[in-house]
Amino acid sequence: MPQIEVLSPLPGTFYRQASPDAAPYVIEGSRVHVGDVLGLVEVMKQFSEVNAEVDGVVTRIFVEDGDAVEPGQTLLYIEAP
Amino acid sequence: MKPDFDTLLVANRGEIAVRIIRAARELGLRTIAVFSDADAGSLPTQLADEAIHIGATPASKSYLNVDAILSAAKAAGAGAIHPGYGFLAENAAFADAVAAAGLVFVGPSAHAIRTMGDKAAARAAAQRAGVPTVPGSTGVVDSLDDAVRIAADIGYPIMIKASAGGGGRGIRVANDDAELRREMTTAQAEAKAAFGNGAVYLERFIRHARHIEVQILGDGKNVLHFFERECSLQRRRQKIWEEAPSAAIDTRTREAMCSSAVALARAVSYSGAGTLEYLYDDESQEFFFIEMNTRIQVEHPVTEMVTGVDLVKEMLRIAMGEQLRLTQGDICLRGTAIEVRINAENPAKNFAPCPGKVSSLRIPGGPGVRFDSMLFPGYVVPPFYDSLLGKLIVHDENRTAALDRLNRALRELDVEGLTTTKGLHQKLVLDPEVRLGKFDTSFLERWLASKPL
C-alpha cells in the first residue's frame, strides 16, 4: 500500500482547522477522498486549501495548527489502498 | 502631570515601524524595535537603537502577544509604546494593559477606542454631535406599511438589509413604494433561508459612493482637522490608491465635512491621531459619517505632503503631554498628493501573494517623491504577514501634475525578484477616468473585470 506524501504548495502558515474552535479537518486515521480539505495555508492573509489528491487514510501528520511551512515541506502521509 | 519618557517601543513591523522609528529619532527619543522569528534582521530592527525578540513567527505569538511586548518594554526601559496600525492598535484591552504597566500608550484613551470602535456607539455619538449618518430605520422593520412610511422619510433608492447579513450579503434595492413592497417580502424570505433570521432593516442606498475621510489630531481638549483624503479606489474593501484633497468636493462641502469631524472628535475628548470615514454621495452631494479609526493610518503621508505637518511626530508630542502647537488657521492645503500601495501581489493572477527575495531595488527620487518602505536589496519578504511592501507618495502643485509625477516615479521604481502591483498603478495613472477623478468605491472592481492585466 503506497504512502503518498502531501507537500505544502506554498510558503506560509498551516492551519489544521477552519477556526480555533473548530475540529481539525483530518486526524491520524481519518479516511479521505479526492478533493477533501486536509488543511489551509495562509500566505499574506490569503487562504488556500490543501486538498487530497487520492482516496485513502491519513497515517501521519507532521505539522501542528499554526506552524510555519515551506513550499515542498511534507505535511502528512496518506496511505492509498 | 506631564508624562516623561525618553524611550519608545514600537509594537509593530514593516514600513510603519520604520516610519515611527524615524519620527521618534528626530524627536531625540531612544527607539526599541520588537521582532518575531521571521523578522530577525528586518529594516526596523536595523534602524532602532535596540531590537528585542518577542516570539515565534505567527502574529498571535509575537505582535499580538501583549505579555511579551510589555516585558520587552520593561526590559528596555521604554516609557511609551506606539502600536502603529493593525495588530494591537485598536485593541482597548491593550491600551488598558499599557497604562496599567505604568507606560504611555501613543494613541487615544481605551475609552475612546471602545466607544468609536463600536459601530452602533460611534453612530449614536455622531448623531448626538449633529454629524450626518446614513439615513435608515431605527432597528428592524416588520410590516410592509411601516417600511413604506419609513422609506418616505429616508428617501429612495433604499436598501433592504438582512440584520444577520454582512459584507454585502443579504441586500436588496428598491426604487419606489411598489418595488419596496415586492422586495421586502422577498428579502425577508431570503434572509430567513440564508441566515435563519428573517429580520431586515432599511437604509438609504448610495448608488455612487465615494470613500472620503478626514484626518484629525486631538490633545484631549482641542481638535484640529488636516483636511480630507479620497480613498475610493479599492479592491475587496482594501484601499490601493489614496489622494488628498478629494477632487470631488467643493470648498463648502470640504469645510462642512471637516468641521463635523472636529465636532465629533471633540465630543469624545479625543487625544492623538484619528480618522473619520464618510460616504459621499456623488449624486446628492451629501456626506454621511460611517466610522472612526482610532490610529495612524496607512495613507497618512498624503495628508503630511499637502499640509506639511508630520503627523507621527505630532502624535508623539501629544503622548508626551504637550498641547497641540498649531491652530486651525496654521493648517493650509497646498497642491495634491497621491499615494499608491506597492504590494507583493500579482494583479494578473487575481492578486495572488508573491513573497520572496528582493534581488535588487531601485527607489524613485527627485522632487516631490517619497517612498515609505521596509525593503532593501537582499531582503526576503516573509509570507506570514500582510503584502504591503511600500507606499509611493508624490506631491505637486495640482492633481494633473501629481499624476504625471506619479507616472514618472513609477517608471523609476524597480523591485526585482518579486511580482508587485506596480504595473497596475502604471495602467491606472494613465486611465482617462482616473485622470478625471471620476470614480466611486465600485470603480476599481469594474475596471479590473473589464481590463485584462
Self-check item: Criterion (touching a helix residue (DSSP H, G or I) at 6+ places or on another chain (Cβ under 9 Å), within 27 Å of B:N12 (Cβ to Cβ) and in contact (Cβ under 8 Å) with a residue 60 or more places away in the chain) met by exactly one of B:I338, B:I363
Solution: B:I338
Self-check item: Verdict on B:P83 being buried (at least 24 other Cβ atoms within 10 Å of the Cβ) and under 16 Å from B:P382 (Cα atoms)
Solution: no
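Restricting the search to region B:33-44, which residues are more than 25 Å from the chain's Cα centre (by Cα) and either buried (at least 22 other Cβ atoms within 10 Å of the Cβ) or free of Cβ contacts under 8 Å to residues at least 40 places away in the same chain (or both)?
Looking only at region B:33-44, we keep the residues that are more than 25 Å from the chain's Cα centre (by Cα), and these are B:37-38, B:40-41.
Listed by number, the residues that qualify are B:D37, B:A40, B:G41.
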Quiz item: Restricting the search to region B:229-247, which residues are under 12 Å from the mean Cα position of the chain (by Cα) and farther than 21 Å from B:M159 by Cα?
Solution: B:R229, B:E230, B:C231, B:Q234, B:Q238, B:K239, B:I240, B:W241, B:E242
Practice problem: Please tell me if B:V394 is surrounded by 14 or more Cβ atoms within 10 Å (Cβ to Cβ), within 14 Å of chain A (Cβ to nearest Cβ), of a type outside the set (D, E, K, R) and under 24 Å from B:L233 (Cβ atoms). | Solution: no
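Here's a check for you: in region A:70-79, which residue that is more than 12 Å from the chain's Cα centre (by Cα) and either of a type in the set (D, E, K, R) or surrounded by 15 or more Cβ atoms within 10 Å (Cβ to Cβ) (or both) is farthest from the other protein chains (Cβ to nearest Cβ)? First the steps, then the outcome.
First, pick out the residues of region A:70-79 that are more than 12 Å from the chain's Cα centre (by Cα): A:70-72, A:79.
Then drop every residue that is not either of a type in the set (D, E, K, R) or surrounded by 15 or more Cβ atoms within 10 Å (Cβ to Cβ) (or both), which leaves A:70, A:79.
Details: A:E70: 9, A:E79: 30 Å.
Ranking the candidates gives A:E79 first.
Looking at region B:57-67 only, could you name the residues that are modelled with pLDDT of 95 or more and surrounded by fewer than 20 Cβ atoms within 10 Å (Cβ to Cβ)? I'd like the intermediate steps shown before the answer.
Within region B:57-67, the first condition is being modelled with pLDDT of 95 or more, and the residues that meet it are B:62-67.
If the condition is that a residue be modelled with pLDDT of 95 or more and surrounded by fewer than 20 Cβ atoms within 10 Å (Cβ to Cβ), then B:L64, B:V66, B:D67 are the ones that fit.
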Quiz prompt | Pairs where the first residue, in region B:436-453, is assigned by TED's automatic domain parsing to the domain that holds B:Y280 and the second is assigned to a loop (DSSP other than H, G, I, E, B), C-beta under 6 Å, 6+ apart | solution = B:G437/B:A247; B:D440/B:H208
Practice problem: Scan the helices (runs of 4 or more DSSP H) fully inside region B:405-453 and keep the ones with 3 or more residues being within 20 Å of B:G335 (Cα to Cα). | Solution: B:432-436
Self-check item: Flag if B:A97 is assigned by TED's automatic domain parsing to the domain that holds B:A24, under 16 Å from B:A33 (Cα atoms) and at pLDDT 95 or above
Solution: no
Quiz prompt | Enumeration of residues in region B:332-355 that are part of a loop (DSSP other than H, G, I, E, B), buried (at least 18 other Cβ atoms within 10 Å of the Cβ) and under 22 Å from the mean Cα position of the chain (by Cα) | solution = B:A344, B:F351
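Criterion first (surrounded by fewer than 22 Cβ atoms within 10 Å (Cβ to Cβ), among the aromatic types (F, W, Y) and not in a loop (DSSP other than H, G, I, E, B)) does B:F371 satisfy it? Full working, then the answer.
Working: surrounded by fewer than 22 Cβ atoms within 10 Å (Cβ to Cβ): yes; among the aromatic types (F, W, Y): yes; not in a loop (DSSP other than H, G, I, E, B): yes.
So B:F371 fits the description; yes.
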Practice problem: Go through region B:117-140 and give me each residue that's of a type in the set (D, E, K, R) and in a helix (DSSP H, G or I). | Solution: B:K119, B:R123, B:R128
Practice problem: State whether one or more residues within region B:155-169 are surrounded by 17 or more Cβ atoms within 10 Å (Cβ to Cβ), outside the structural domain of B:R235 (by TED's automatic domain parsing), modelled with pLDDT under 90 and of a type in the set (A, V, I, L, M). | Solution: yes
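Any residue at all in region B:302-321 that's farther than 19 Å from B:R370 by Cβ and β-branched (V, I, T)?
Here is the first cut: in region B:302-321, the ones farther than 19 Å from B:R370 by Cβ are B:316-321.
In the following step, the residues that additionally are β-branched (V, I, T) were identified as B:318.
Checked against the condition, which is being farther than 19 Å from B:R370 by Cβ and β-branched (V, I, T), region B:302-321 yields at least one hit.
I need a count of the residues in region A:41-72 that are touching a residue at least 40 places away in the same chain (Cβ under 8 Å), under 19 Å from B:P353 (Cα atoms) and not charged (D, E, K, R). Talk me through it step by step, then tell me what you get.
Residues of region A:41-72 that are touching a residue at least 40 places away in the same chain (Cβ under 8 Å), as a first pass: A:50, A:52-54, A:56, A:59, A:61, A:63-72.
Cutting the leftovers down to under 19 Å from B:P353 (Cα atoms) gives us A:50, A:66-72.
Applying the additional criterion that residues be not charged (D, E, K, R) yields A:50, A:66, A:68-69, A:71-72.
Adding up the residues that qualify gives 6.
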Quiz item: Name the residues in region B:170-198 that are assigned to a strand (DSSP E or B) and either within 27 Å of the chain's Cα centre (by Cα) or modelled with pLDDT under 85 (or both), would you?
Solution: B:G170, B:I171
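Kindly provide the set of residues from region B:199-218 that are crowded, with 19+ Cβ neighbours inside 10 Å and out of contact with any Ser or Thr (no Cβ under 6 Å at 6 or more places or on another chain), ordered by number. I'd like the intermediate steps shown before the answer.
Pass one, region B:199-218, residues crowded, with 19+ Cβ neighbours inside 10 Å: B:200, B:202, B:204-206, B:209-218.
Those that are crowded, with 19+ Cβ neighbours inside 10 Å and out of contact with any Ser or Thr (no Cβ under 6 Å at 6 or more places or on another chain): B:V200, B:R204, B:F205, B:I206, B:V214, B:I216, B:L217.
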Quiz item: Does at least one position in region B:313-330 carry a residue that is assigned by TED's automatic domain parsing to the domain that holds B:V434, small (G, A, S) and buried (at least 16 other Cβ atoms within 10 Å of the Cβ)?
Solution: yes
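Hey, among the residues in region A:36-69 that are in contact with a Gly (Cβ under 7 Å, 6 or more places away or on another chain) and aliphatic (A, V, I, L, M), which one's farthest from the other protein chains (Cβ to nearest Cβ)? Let's see the steps before the verdict.
First, the residues of region A:36-69 that are in contact with a Gly (Cβ under 7 Å, 6 or more places away or on another chain): A:41-43, A:50-52, A:57-58, A:69.
Among the residues that remain, those that are also aliphatic (A, V, I, L, M) are: A:41, A:43, A:50, A:52, A:57-58, A:69.
Working: A:V41: 9, A:V43: 4, A:V50: 15, A:A52: 22, A:V57: 29, A:V58: 23, A:V69: 9 Å.
Filtering region A:36-69 for residues that are in contact with a Gly (Cβ under 7 Å, 6 or more places away or on another chain) and aliphatic (A, V, I, L, M), the one farthest from the other protein chains (Cβ to nearest Cβ) comes out as A:V57.
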Quiz item: Which condition breaks for A:P20 when tested against (1) within 14 Å of another protein chain (Cβ to nearest Cβ); (2) part of a strand (DSSP E or B); (3) surrounded by fewer than 17 Cβ atoms within 10 Å (Cβ to Cβ)?
Solution: (2)
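Among the residues of region A:24-36, is any surrounded by 14 or more Cβ atoms within 10 Å (Cβ to Cβ), over 21 Å from B:A56 (Cβ atoms) and in contact with a Lys or Arg (Cβ under 8 Å, 6 or more places away or on another chain)?
Within region A:24-36, one or more residues are surrounded by 14 or more Cβ atoms within 10 Å (Cβ to Cβ), over 21 Å from B:A56 (Cβ atoms) and in contact with a Lys or Arg (Cβ under 8 Å, 6 or more places away or on another chain).
The values are calculated or read from the model by the stated rules, or taken from the named source; none is laboratory data. This structure is a prediction, so every number in the text was calculated from the model and none was measured. Positions of Cβ are backbone-derived with ideal geometry, glycine not excepted, and every protein chain shown enters the neighbour counts.
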